[in-house]
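Here is the structure we will look at.
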Protein chains: 2
Amino acid sequence: MLKSSPLYRQVKGLITQSLEKGEWKPGEALPSEFELASRFKVSQGTVRRAIEEIAAENLVIRQQGKGTFVATHDVAHAQFRFLRLVPEEGSPRYPENRFLECKRLRATGKIARQLNLRSGDAVLRIRRILSFDGVPTVFDDICLPANLFKGLTLEHLLAYQGTMYALLETEYGVSMLRAEEKIRAVAADSEAAAVLNVPLGTPLLSVERLAMTFGDQPVEVRQGLYITTHFSYKNELG
Amino acid sequence: MLKSSPLYRQVKGLITQSLEKGEWKPGEALPSEFELASRFKVSQGTVRRAIEEIAAENLVIRQQGKGTFVATHDVAHAQFRFLRLVPEEGSPRYPENRFLECKRLRATGKIARQLNLRSGDAVLRIRRILSFDGVPTVFDDICLPANLFKGLTLEHLLAYQGTMYALLETEYGVSMLRAEEKIRAVAADSEAAAVLNVPLGTPLLSVERLAMTFGDQPVEVRQGLYITTHFSYKNELG
DNA sequence: AAGTGGTCTAGACCACTTT
DNA sequence: AAGTGGTCTAGACCACTTC
């Protein structure tokens, strides 16, 4: 027997579909709870419950008296959502972003598997350095499926003001909603040592990320190498 | 002007206080929603909302048809809540626990500050190794305020069946509810190299944890050194 | 004043577990 | 059958924002 899901979860699905289709763009307001309630022929409380779950997943933001808005990657708040680096001393600051490379390549077996592609499909490989107060701290190696980001070049990346995820969202309509990270300690190889300006063999934090958009579809693989002498990766265990 | 918090949050506070006082022990059932509602002179829906928030913080577990139960550290589920190590290949397994040391010491300034103690107050220092399939993988150095765990010895630790947090909860009534971790990459020093059986200088994951009980009172500081060649620290970014 | 999300209630009914 | 938590509704009122 199939167990039908509760009404508020079905409504949640309908609203999420509309978000995915782009019925309301990032930053825009959703219809009010009463409007959605009459649209779906349910009570306001049921819509409310649906939206609460969607808000808990950070897809929308609720503001009392104003409305419910589609989340964006622009806001300051979103910075520490996907970059968990905090300084050992002093207050958090924003990194400077230096893009080194954006090349079109063929996916290796492992990458293809992670991105749900076929081996040999085209991917974009982006490499960049994040620096804090002028000190190189993170070396990122990013892989994106090329078909979703046609025409993305190094020049685009260099010209854009804001985070890379904001660019991918506003220019290509792909929203990063969730990610899984696997963290390990590794020794700096010659390339990482050169790029990050540390001795060969320096212990570095390796952060492998798989990022997902709607429907948990994977759309980004990245490895970050972090220097953790003055910064650490902060995590909360609930 | 003081803004009074909503009713359900006040009820949440009252229930949490009762949990802290031990009115219901770990594993026991709370009174039903209707009983609590009449006790606090509010509607069932308000109690419900309060309990939902408490459940979201993992202090209690709700089970349809059965009741609401005080959470414990015994269940398998709790294992991966506070130990985020997963194997690169194969399915998760349980580590074997080997305690090396449990000594009474005076707190250094840094530890004292983190535990809200005075410098020089007594602390317990526990050291142990976690092994997976017989392979030493984690070297933990744990500090607890001695006054909360009077009489805790190496023999107790060796004799107890179950996780250390389960012991602290059932034998000393101190529940670990939440923790913050700071993760860095470090080189194995001579001691860590010897204990974990790796070459000097091997990159290790350093995981510094501060664990809290009720009222966000810190009650444990630990540093773990993880070998991450076959395991990685897994994290979800929402 | 009007519109939004946030709180609170009361009551009905459903789904699951236990007796 | 009785008791628990889970869903859904309808309506009232509050808090905040905008006009």
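The values are calculated or read from the model by the stated rules, or taken from the named source; none is laboratory data. Just so you know, these numbers come straight off a predicted model, no measurement behind them. In this analysis, Cβ positions are derived from the backbone assuming ideal geometry, glycine residues included, and neighbour counts consider all displayed protein chains.
Based on this model, can you work out whether A:Ala122 counts as buried (at least 21 other Cβ atoms within 10 Å of the Cβ) and over 19 Å from the mean Cα position of the chain (by Cα)? The answer is no for A:Ala122. Kindly check whether there is at least one residue in the range B:55-71 that is within 16 Å of DNA strand D (Cβ to nearest atom), touching a Pro at 6+ places or on another chain (Cβ under 6 Å) and more than 22 Å from B:Ala193 (Cα to Cα). Yes, the conditions are met somewhere in the range B:55-71. Specify which of the listed residues (A:Val86, A:Val60) is within 13 Å of DNA strand C (Cβ to nearest atom), surrounded by 13 or more Cβ atoms within 10 Å (Cβ to Cβ) and not charged (D, E, K, R). Testing whether each residue is within 13 Å of DNA strand C (Cβ to nearest atom), surrounded by 13 or more Cβ atoms within 10 Å (Cβ to Cβ) and not charged (D, E, K, R) leaves just A:Val60.
The set of residues in the range B:177-197 that are part of a helix (DSSP H, G or I) and either under 22 Å from A:Thr228 (Cβ atoms) or within 12 Å of chain A (Cβ to nearest Cβ) (or both) comprises B:Ser190, B:Glu191, B:Ala192, B:Ala193, B:Val195, B:Leu196. On the stretch given as the range B:82-120, residues that are outside any loop (DSSP other than H, G, I, E, B) and within 25 Å of B:Ala146 (Cα to Cα) total 17.
When the residues of the range A:31-57 are filtered to those that are more than 6 Å from DNA strand C (Cβ to nearest atom) and assigned to a loop (DSSP other than H, G, I, E, B), the one that is nearest to A:Glu171 (Cα to Cα) is A:Glu57. The condition of being part of a helix (DSSP H, G or I), away from chain B (no Cβ under 12 Å) and touching a Phe, Trp or Tyr at 6+ places or on another chain (Cβ under 8 Å) does not hold for A:Val174. Given the conditions (1) under 20 Å from B:Ser206 (Cα atoms); (2) touching a residue at least 24 places away in the same chain (Cβ under 8 Å); (3) more than 8 Å from every other protein chain (Cβ to nearest Cβ), report the number of the one that A:Leu200 does not fulfil. Going through the list (1) under 20 Å from B:Ser206 (Cα atoms); (2) touching a residue at least 24 places away in the same chain (Cβ under 8 Å); (3) more than 8 Å from every other protein chain (Cβ to nearest Cβ), A:Leu200 breaks only (2).
Would the range B:163-171 turn up any residue that is surrounded by fewer than 13 Cβ atoms within 10 Å (Cβ to Cβ) and either touching an Asp or Glu at 6+ places or on another chain (Cβ under 8 Å) or not assigned by TED's automatic domain parsing to the domain that holds B:Ile227 (or both)?
So far as the range B:163-171 goes, no, none of its residues is surrounded by fewer than 13 Cβ atoms within 10 Å (Cβ to Cβ) and either touching an Asp or Glu at 6+ places or on another chain (Cβ under 8 Å) or not assigned by TED's automatic domain parsing to the domain that holds B:Ile227 (or both).
Yes/no per residue for (1) among the aromatic types (Phe, Trp, Tyr); (2) without any contact (Cβ under 8 Å) to a residue 40 or more places away in the chain; (3) in contact with a strand residue (DSSP E or B) (Cβ under 9 Å, 6 or more places away or on another chain):
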residue: A:Leu105; (1), (2), (3): no, yes, yes
residue: A:Asn116; (1), (2), (3): no, no, yes
residue: A:Val123; (1), (2), (3): no, yes, yes
residue: A:Ile129; (1), (2), (3): no, no, yes
residue: A:Asp133; (1), (2), (3): no, no, yes
residue: A:Phe139; (1), (2), (3): yes, no, yes
residue: A:Ile142; (1), (2), (3): no, no, yes
residue: A:Asn147; (1), (2), (3): no, yes, yes
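Checked against the criteria, B:Glu33 counts as away from every other protein chain (no Cβ under 14 Å) and within 14 Å of DNA strand D (Cβ to nearest atom). Among the residues of the range A:1-21, are any free of Cβ contacts under 8 Å to residues at least 60 places away in the same chain, in contact with a strand residue (DSSP E or B) (Cβ under 6 Å, 6 or more places away or on another chain) and either within 11 Å of DNA strand D (Cβ to nearest atom) or closer than 21 Å to A:Phe214 by Cα (or both)? No, the range A:1-21 contains no residue that is free of Cβ contacts under 8 Å to residues at least 60 places away in the same chain, in contact with a strand residue (DSSP E or B) (Cβ under 6 Å, 6 or more places away or on another chain) and either within 11 Å of DNA strand D (Cβ to nearest atom) or closer than 21 Å to A:Phe214 by Cα (or both).
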